[in-house]
Amino acid sequence: MWAQERHRRIQGLLGHHKQVSADELARQLDVSRETIRRDLVELEAAGLLRRVHGGAILPDSTGKEAPFADRLQVRRREKQAIARAAAQLVEPGQTCFVDAGSTTALLAEELAKIPGITVITNSIDVAGTINREGIEATALLLGGQLHSDVPGTFGELTLSEIARFQVDIALLSPVALHAERGASNFVLHEAEVARAMIRYADEFALLADHGKIGQVSRANICGCSHIHRLVTDSSAGRKALTELRRAGIGEIIVAD
């Protein structure tokens, strides 16, 4: 059974019972407890559940997303591959939007290698990576309210500053991507920034590892038909990618 299918089954059981045990999940899905543990870690990082001793509960019980530092480590190898592939979409001299997230924090390392680009971002990590001595790129950090977890700026000031630009491409990473429900984030202020960046970009590329595909989170960003390109990793299921193509995504790039 593909990871995406297990994740859907786990979410379905959680939605019905409000809590699930790791032992019961392992029995019902016919996989090892270690596989279930990895699934729960990934779903928690996406804000779709909260792990507790022996299992998991719905995130509504806490209203919290997994800490940003933890999300940086989840599927890190896949995110690095996605970052390398996504950076190839940006040409020297172009201007791009980049939002705040664990995948885009890794993307910044690749963008820093492209000469003459301008990166407009609400991410403190991204701006700091680009704005280093010897880097032939420019970082513009959007003003706004600092978030207590994700190192970035949000709010009305951030949105008004985004509207001052028209860029070549927006490179954004959501919490979840679903063929019917589109791209979504865990909290509204992150989704608002993503929507604004899409509006003022000529092209839009979404960066989403396989663990995010088939998932739905709280705050909608856009439907699949608005996504020009999806950059994902090689563990993404063929069936799930076919569904996303049918939903209207223009091009899907699978990173090795």
Sort out which residues of the stretch 41-58 are open to solvent by less than 10 Å² (accessible area, probe 1.4 Å) and at pLDDT 85 or above, and write them in order of number. L43, G55, A56
Residue among L141, L146, L157 that is farther than 22 Å from C224 by Cβ and at pLDDT below 95: L146
Conditions (1) closer than 22 Å to D125 by Cα; (2) open to solvent by less than 10 Å² (accessible area, probe 1.4 Å); (3) not in a helix (DSSP H, G or I) -> A194 fails only (3)
So which residues in the stretch 197-215 are at pLDDT below 95 and either of a type in the set (S, T, N, Q) or surrounded by fewer than 18 Cβ atoms within 10 Å (Cβ to Cβ) (or both), if there are any at all? Q215
Residues of the stretch 216-233 satisfying the condition of being in contact with a His (Cβ under 8 Å, 6 or more places away or on another chain) and either open to solvent by 20 Å² or more (accessible area, probe 1.4 Å) or more than 17 Å from K79 (Cα to Cα) (or both): V216
I'd like to know if the stretch 72-81 contains one or more residues that are under 30 Å from Q145 (Cα atoms) and modelled with pLDDT of 90 or more. yes
May I ask you to say which residue of E91, E34 is closer than 26 Å to L171 by Cα and at pLDDT 90 or above? E91
If only one of L171, L106 is part of a strand (DSSP E or B), surrounded by 20 or more Cβ atoms within 10 Å (Cβ to Cβ) and of a type outside the set (V, I, T), which one is it? L171
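The values are calculated or read from the model by the stated rules, or taken from the named source; none is laboratory data. Predicted model only: the values in this text are computed from it and were never measured. Please note: Cβ atoms are built from the backbone with ideal geometry, for glycine as well, and neighbour counts cover all protein chains shown. Accessible surface areas use protein heavy atoms only, side chains included; no ligands, DNA or RNA. Shrake-Rupley method; radii C 1.70, N 1.55, O 1.52, S 1.80 Å.
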